[in-house]
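In what follows, a structure is listed as structure tokens, so that the remarks can point back to it.
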Amino acid sequence: MDHDKLREAAMAVTDIPAEYVLVMEDSIPKDDARERGYIWEHPGRPDERIEIALDLDTAALLDLRIESANQSASTRRCQLEDVKAVSDAFLAKHMLEPSRLTWVHVEEGQSNTYMTFKEEVGGVALPDTGCELTLDAELNVVRYRNCYAIGARSSPEWPKKIADAGEIKSQLIRELRMELAIVAMHPGMHEGYAADETYRLVYVPHTEGQQLDAVTGRFLYEPEHDSMPPSFPILTREGSMQPPLRYAEEDKASIESKLGMDSERNRLDRSHDDGGIITLIYRAKDEQQPDTEAEALSVDGYLERIWGEQLRNMTATYRLQFEKATGRLIDFSSYRRSIGEVQTGETMPLSRSECWRRAKRFMELVFPEYDRYLHLQEAERSENAVEPAEREFFYLPVYIGGCPVHLERVTICVSTATGEVMLFSGVSIDLLRKLERCEFRPSLAAEEAAKRYLAYYRLRLRWHLNQEQPPPVYRLIYETVAAEDELPFEGSHNRTLRYIDALNGDLIWDKVIKRK
């Protein structure tokens, strides 16, 4: 469609204040454009904006977001019939066949009303259909998102017979395992925590979110599909431990030399101290500055104005981060040659075991006590891989006293062409020391933890959209969940049980955050 007509259609979606300025207009994504995006901003207050996306071929509204200081913060409740009247009128204007959207969920926030519209079959919502709509306290539409995924598909038929939920649940209960883990309790994520982040020893159910075919009762994927590969302790190395590299004790040239950085071609561009982390950014001495004036209304031009410095930091030649409390390196990245950039015949790629030796050598420099805290995760290999890997990744989950620390791990990546460490994503040494002093020991038996968890354990039916092979196909499944109430649909904000405290048996729930 003609771009001028598309712009006119975008401006007709909502009232755009006269003082607002068009700061972005472009087709996205670049390689296979399907939509045309627009952003208008208040010239003096860039956080006040209107974002609109239209289908590039039909001019249908795909996305609308209005951010304004004038949006009411009122907590008054809108009458449901008024909300329905506004939403019905909006959908009639912008949705194709809105009468198909028979499944509706309404959630009242602090000041806004959030509505989800879906097609349904058998009373169960179909994912990747319908739309999401947000109304403020004045009944203005401030957010709209068309949820239809790319690619047409037909609605499924309800199966003639489905497996008995009770039998499936009984089988899953017999296979339930409660596993110990040390988990960070975030005040904003878990109920009952109003202070700073703290760590607790908890039982974690391994069955959360399992999916089974509702017709056959068989797992959609193997039970281990979403589990992390097994990991094993690292053999204690021989020889004495050398003092680690520390930011406060060594000069810049010494750090660059020990980390194998090319200081002849690169320079320290800037450093930043946020109070807890010191960040060093290096760039090539001959790097050209970006042309921020080119294509002013393009996506690239807009991102350059808003996020230019942050985006360039992601592709800096070197990026280092040091923990101030200990002076230790906790993050290192290097954009250097990979095997694909080495001429054929110049070198043979290093094996995984050779790369692991390089990785250990690096950790001995920056994290010499690694074998005390880390396990080595078993490597995952693609069955279809025919070419040697350009980089070898090693994932090392953190263990304290033989117990895993949830979501804490070290990642290290080595180039198979050069043997250089391309990435080291570490952990806070200060945190490891604090956790070690806690001496976590369970008081509650795993069997008792399972009993408390199972009081809230249930199955729910939902449609699963399988997009692994075209065309996409819907499949009715059972999904496991531990919740106080029935969850109306995937991703809802109902109260769900996450962990069982291994010391006192307390139930630890996800915090229900009331939306604005």
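The values are calculated or read from the model by the stated rules, or taken from the named source; none is laboratory data. Keep in mind it's a predicted model, so treat the numbers as computed, not measured. Every residue, glycine as well, gets a Cβ built from its backbone with ideal geometry; the counts of neighbours run over all protein chains shown. These accessible areas exclude ligands, DNA and RNA; they are computed on the full protein's heavy atoms, side chains included. Shrake-Rupley method; radii C 1.70, N 1.55, O 1.52, S 1.80 Å.
When the residues of the stretch 114-128 are narrowed to those that are more than 26 Å from the chain's Cα centre (by Cα) and not in a loop (DSSP other than H, G, I, E, B), which ends up surrounded by the fewest Cβ atoms within 10 Å (Cβ to Cβ)? Of everything passing the filter in the stretch 114-128, VAL121 is surrounded by the fewest Cβ atoms within 10 Å (Cβ to Cβ). Taken together, the residues in the stretch 4-29 that are assigned to a helix (DSSP H, G or I) and surrounded by 12 or more Cβ atoms within 10 Å (Cβ to Cβ) amount to 5.
In the stretch 78-104, of all residues being closer than 21 Å to PRO127 by Cα and in a loop (DSSP other than H, G, I, E, B), the one that is most open to solvent (accessible area, probe 1.4 Å) corresponds to LEU96. Annotation: of all residues in the stretch 185-217 being of a type in the set (A, V, I, L, M) and crowded, with 16+ Cβ neighbours inside 10 Å, the one that is modelled with the lowest pLDDT is MET185. The residue that is surrounded by the most Cβ atoms within 10 Å (Cβ to Cβ), counting only those in the stretch 259-309 that are closer than 30 Å to LEU431 by Cβ, charged (D, E, K, R) and at pLDDT 75 or above, is ASP269. Flag not set for GLY239, criterion: in a loop (DSSP other than H, G, I, E, B), modelled with pLDDT of 90 or more and not aromatic (Phe, Trp, Tyr). Do we find a residue being among the small types (Gly, Ala, Ser) and surrounded by fewer than 16 Cβ atoms within 10 Å (Cβ to Cβ) anywhere in the stretch 450-464? So far as the stretch 450-464 goes, yes, one or more of its residues are among the small types (Gly, Ala, Ser) and surrounded by fewer than 16 Cβ atoms within 10 Å (Cβ to Cβ). Taking the listed residues LEU435, LEU444, the one that is open to solvent by less than 30 Å² (accessible area, probe 1.4 Å), in contact (Cβ under 8 Å) with a residue 12 or more places away in the chain and touching a Lys or Arg at 6+ places or on another chain (Cβ under 9 Å) is LEU444, with no other qualifying.
Taking the stretch 401-432, which residues are hydrophobic (A, V, I, L, M, F, W, C), crowded, with 20+ Cβ neighbours inside 10 Å and more than 20 Å from PHE322 (Cα to Cα)? Scanning the stretch 401-432 gives VAL405, VAL414, ALA417.
Checked against (1) assigned to a loop (DSSP other than H, G, I, E, B); (2) of a type in the set (Gly, Ala, Ser); (3) open to solvent by 20 Å² or more (accessible area, probe 1.4 Å), SER111 passes all but a single condition, namely (3). Applying a threshold of 7 Å to beta carbon distances and a minimum spacing of six or more residues, or different chains, the list of pairs starting in the stretch 193-206 at a residue that is of a type in the set (D, E, K, R) and ending at one that is open to solvent by less than 40 Å² (accessible area, probe 1.4 Å) reads GLU197/ALA184; GLU197/MET185; ARG200/VAL183; ARG200/MET185; ARG200/ASP501. Would you check if there is a residue in the stretch 129-136 being assigned to a loop (DSSP other than H, G, I, E, B) and out of contact with any strand residue (DSSP E or B) (no Cβ under 7 Å at 6 or more places or on another chain)? No - not one qualifying residue is present in the stretch 129-136. A count restricted to the stretch 242-255 and to residues that are more than 21 Å from SER428 (Cα to Cα) and part of a helix (DSSP H, G or I) stands at 3. Look at (1) within 21 Å of the chain's Cα centre (by Cα); (2) β-branched (Val, Ile, Thr); (3) open to solvent by less than 20 Å² (accessible area, probe 1.4 Å) and you find that THR480 fails only one, number (1). Would you be able to say whether some residue in the stretch 33-52 is surrounded by fewer than 16 Cβ atoms within 10 Å (Cβ to Cβ) and either among the aliphatic types (A, V, I, L, M) or modelled with pLDDT of 95 or more (or both)? Checked against the condition, which is being surrounded by fewer than 16 Cβ atoms within 10 Å (Cβ to Cβ) and either among the aliphatic types (A, V, I, L, M) or modelled with pLDDT of 95 or more (or both), the stretch 33-52 yields at least one hit.
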